[in-house]
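One structure below.
The values are calculated or read from the model by the stated rules, or taken from the named source; none is laboratory data. Keep in mind that what you see is a predicted model, and the values were worked out from it rather than measured. Don't worry about glycine lacking a Cβ; one is built from the backbone with ideal geometry, like all the others, and counts go over all protein chains shown. All accessible areas refer to the heavy atoms of the entire protein, side chains included, with ligands and DNA or RNA removed. Shrake-Rupley method; radii C 1.70, N 1.55, O 1.52, S 1.80 Å.
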Amino acid sequence: MDWLSYLDPLLQGAWVTIRLALYSTLLGAVFSFLFGIGRLSRSLPCRWASVALIEIFRGTSLLVQLFWLFFALPVLGQALGLDLRLPPVVAGTLALSLNIGAYGAEVVRGAIQAVPRNQYEAAKALDFTPRQTLWRIAIPQAIPEMMPSFCNLAVQNLKDTALVSLIGLGDLAFQAERVRNFTQDSVGVYTLLLLMYFGMALVLAGLMRLLETHVGRWRARGI
């Protein structure tokens, strides 16, 4: 069996990986802002909840988080009389997005806190509310500073998607393992797997750099 014959199942898995990476990165960005802004909140319960979630998802293994959502959560739900079973794609997306969100939250928090103090003083002089100051002054200036770190997190998230193969989701790693078991060609299959992940990571990094450049121009224009 030649290497070209491996491409069809691997490309099918790659499409699943791309969608999973896209969904989890976008949802992870939402969690990053929720947790990051929550950590800076004046509300003590909100701040404590954000800190707890950040530390839990940064301090535990992504693999364990994935297994807990897919295997343990339904058992807990059954004990409570609830149906909490998650499809593999939902469990995988949620685990990846919560994990990237916890790391991204620190990026958001640091970037917001790095906004010069005089910007906040100017907003106060203009009688802005704290919410207006956050959304109109702090976040627009902080977003360009977040972009390089978010780029790294997005690429890392793409590579982490390989873990979802362990809960039966037919992603690239899952399809590669099926082909390897059938052909016993570890060298060929895993070489193609490396090249495909590397290619996807290069494309993703390029897209993120384009987005970073666009955001930088947006900031320079003061829009």
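General observations
- Exactly one residue among Ala154, Ala111, Ala125 is among the small types (Gly, Ala, Ser) and open to solvent by 70 Å² or more (accessible area, probe 1.4 Å), and that residue is Ala125.
- From the list Leu69, Leu84, Leu153, the lone residue that is touching a helix residue (DSSP H, G or I) at 6+ places or on another chain (Cβ under 9 Å) and touching a residue at least 40 places away in the same chain (Cβ under 8 Å) is Leu153.
- In the set Ser5, Ser32, only one residue is among the polar types (S, T, N, Q) and either modelled with pLDDT under 90 or open to solvent by 50 Å² or more (accessible area, probe 1.4 Å) (or both); that residue is Ser5.
- Some residue of the range 2-23 being outside any helix (DSSP H, G or I), closer than 27 Å to Tyr190 by Cα and in contact with a Phe, Trp or Tyr (Cβ under 9 Å, 6 or more places away or on another chain): no
- Among (1) out of contact with any Gly (no Cβ under 7 Å at 6 or more places or on another chain); (2) open to solvent by 40 Å² or more (accessible area, probe 1.4 Å), the one test that Asp83 misses: (1)
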